[in-house]
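Encoded as structure tokens, the structure appears first; notes follow it.
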Amino acid sequence: MNSYELGAALSLEFPRLILPWIKNRVDPFRFPSNTNFKVYAEQINRARYFKMLSFGGAVSYSFQPKRSMKHSVTPLNLAFNTLQNSTEEFNQIAAQNPMLFYSLSDQFIPSQSYTLTYDNSYRKRRNRLWWENSITSAGNVTSLIYAAFGQKFSKKDKKLLGTPFAQFLKYSSEVRNTIWFNDMHQLAFRAMGGIIWAYGNKTIAPYTEQFYVGGANSIRAFTIRSIGPGRYRPSEDNTYSYVDQTGDIKLEANMEYRFRLFSNFAGGSLNGAIFLDAGNVWLLREDPARPGAEFTFNRFFDSIALGTGAGIRYDLDFLVLRLDLGIALHVPYDTGKQGYYNIPRFKDGMGLHFAIGYPF
């Protein structure tokens, strides 16, 4: 049960665009812009199964031609994933599920990305909207360089510094809408979706790039990576093995009613919330080791996990401490119980999450 993720990052940001063709220190744009250099490392430990180290660096630029509009471009993001060690139990799972093994194999992820963010919350309107769209391309520029030296763009097993590199396209979109009745009552919505298509050099997307649901900022009735993909369910003796519950497609929606309980509570305010969460992840390609995991329109609504619950938030303005209790209403797989509410035992469908900050 000692699973964890630890990460550290160091970034250096300049309030202007630093480009090779800009020789002086005067930014040519008349609107806010900045350049960010970042290095990072992340250690992922899945108890009883494996350890993975991910590290890399990125150079990104952002500029804001309008107060409500922000563009972010990352021309260079180089990450490296390495599977440090694995247990015999994990090796047995990987032998039965080759897609899982390939997603966790050592690989470079050279990518470029573009993100467009719209945010009108600065206007303090009753209806406040935030919308972000992001697209990432990995391995394609590297493959073009290979093609320039006579190798086919679609050739597999191409390597960078002796290690295979990932090749995929990824798109994600997230929209948040908050209706402010007043400072005491708000109704917040979130809808998000994403898709990743791996091809060419690697037809399985890297584990760190795949989508998942569950946890304190997702479907709060379930623990992180414990639902999906699709209607797939690990065997009963594999209860804590959520290493393979990720997918290529993600759809999620959340609704939360927020209200003030006490305005002056130990130096801050105490707020409450009632929420409803729904969503799942799916595979684009059929995987015999995970039946029912691929995306189909057949039984689509039955494959959506649904949960509700309530929580409290201790808001200190500069810090928000949050405690949520999620209650499962529907799981996408067969539990042996008839009806839409198919949770065998009520206590088995409860999730308690402590977190910092609002979920959205």
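Only the coordinates and a few stated rules stand behind these numbers; no lab work does. Since we're looking at a predicted model, the values are computed, not measured. So basically every Cβ, Gly included, is an ideal-geometry build from the backbone, and we count neighbours across all protein chains shown.
Its Cα gyration tensor gives the chain an equivalent ellipsoid; the semi-axes, largest first and in whole Å, are 34, 32, 18.
Using the Karplus relation 6.51 cos²θ - 1.76 cosθ + 1.60 with θ = phi - 60°, the per-residue 3J(HN,Hα) values for region 310-316 come to 9, x, 10, 10, 9, 9, 9 Hz, with x marking Gly and Pro.
Distance between the pseudo-spin-label points of residue 64 and residue 184 (7 Å out from Cα toward the beta carbon): 3.3 nm. Model label points for residue 354 and residue 318, set 7 angstrom from Cα along the Cα-to-Cβ axis, are 2.2 nm apart. Cross-link partners for residue 124 among the aspartates and glutamates, with Cα-Cα distance under 12 Å and sequence neighbours closer than 8 places in the same chain left out: 183. If R₀ is 25 angstrom, what is the calculated FRET efficiency for the pair residue 296 and residue 334, using the beta carbon separation as r and rounding to 0.05? Rounded to the nearest 0.05, the efficiency is 0.95. The stretch between residue 51 and residue 285 holds 81.6 nm of extra length on full extension. This uses 0.36 nm per residue minus the Cα-Cα distance. The reciprocal of the average 1/r between distinct C-alpha atoms defines the Kirkwood hydrodynamic radius, which for region 249-330 equals 15.2 Å. Using the Cβ-Cβ distance between residue 78 and residue 31 with R0 = 41 Å, the FRET efficiency computed as 1/(1 + (r/R0)^6) comes to roughly 0.90.
Amide H contacts for residue 224 (H built 1.01 Å from N in the peptide plane; partners 5 or more residues away or on another chain; cut-off under 5 Å): 215.
Converting phi to 3J(HN,Hα) with the Karplus coefficients 6.51, -1.76 and 1.60 and the offset θ = phi - 60°, region 99-113 yields 4, 5, 4, 5, 5, 9, 5, 4, 6, 8, 10, x, 9, 10, 8 Hz in sequence order, with x at every glycine or proline.
When shorter helices are ignored and each DSSP H run of at least 4 residues is given -39500 (n - 2.57), the per-residue value for the chain at 222 nm works out to -2000 deg cm²/dmol. Between residue 11 and residue 253, the contour length at 0.36 nm per residue exceeds the alpha carbon distance by 83.9 nm.
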